[in-house]
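Right, one structure below, let's go through it.
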């Protein structure tokens, strides 16, 4: 099944905007919860995604991001 390239071109700005929302939520969660227990990071990430109106993320992706953020050492305060 061939896909019309125009459909791709129309979808890409929507996909890029959604990815930017996810990235902001992850960055915010990493900044505030790096090194904390995975459950706390997971909850904070879910809330950040909701704040960004980016709730449509595969649960396994959220789990993996929360695990990675939890395992990241917290940055020393500036």
TODO: State yes or no: is residue 11 surrounded by fewer than 10 Cβ atoms within 10 Å (Cβ to Cβ), over 18 Å from residue 73 (Cβ atoms) and at pLDDT below 95?
DONE: no
Task: Search result, residues across segment 48-65 that are surrounded by 13 or more Cβ atoms within 10 Å (Cβ to Cβ) and outside any helix (DSSP H, G or I) - done: 52, 54, 57
TODO: State the number of residues belonging to segment 1-38 that are within 19 Å of residue 57 (Cα to Cα) and either in contact (Cβ under 8 Å) with a residue 12 or more places away in the chain or not in a helix (DSSP H, G or I) (or both).
DONE: 10
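The values are calculated or read from the model by the stated rules, or taken from the named source; none is laboratory data. Fair warning: this is a prediction, and the values are worked out from it, not measured in the lab. Ideal geometry is used to build each Cβ from the backbone, glycine not excepted, and the neighbour counts take in all protein chains shown.
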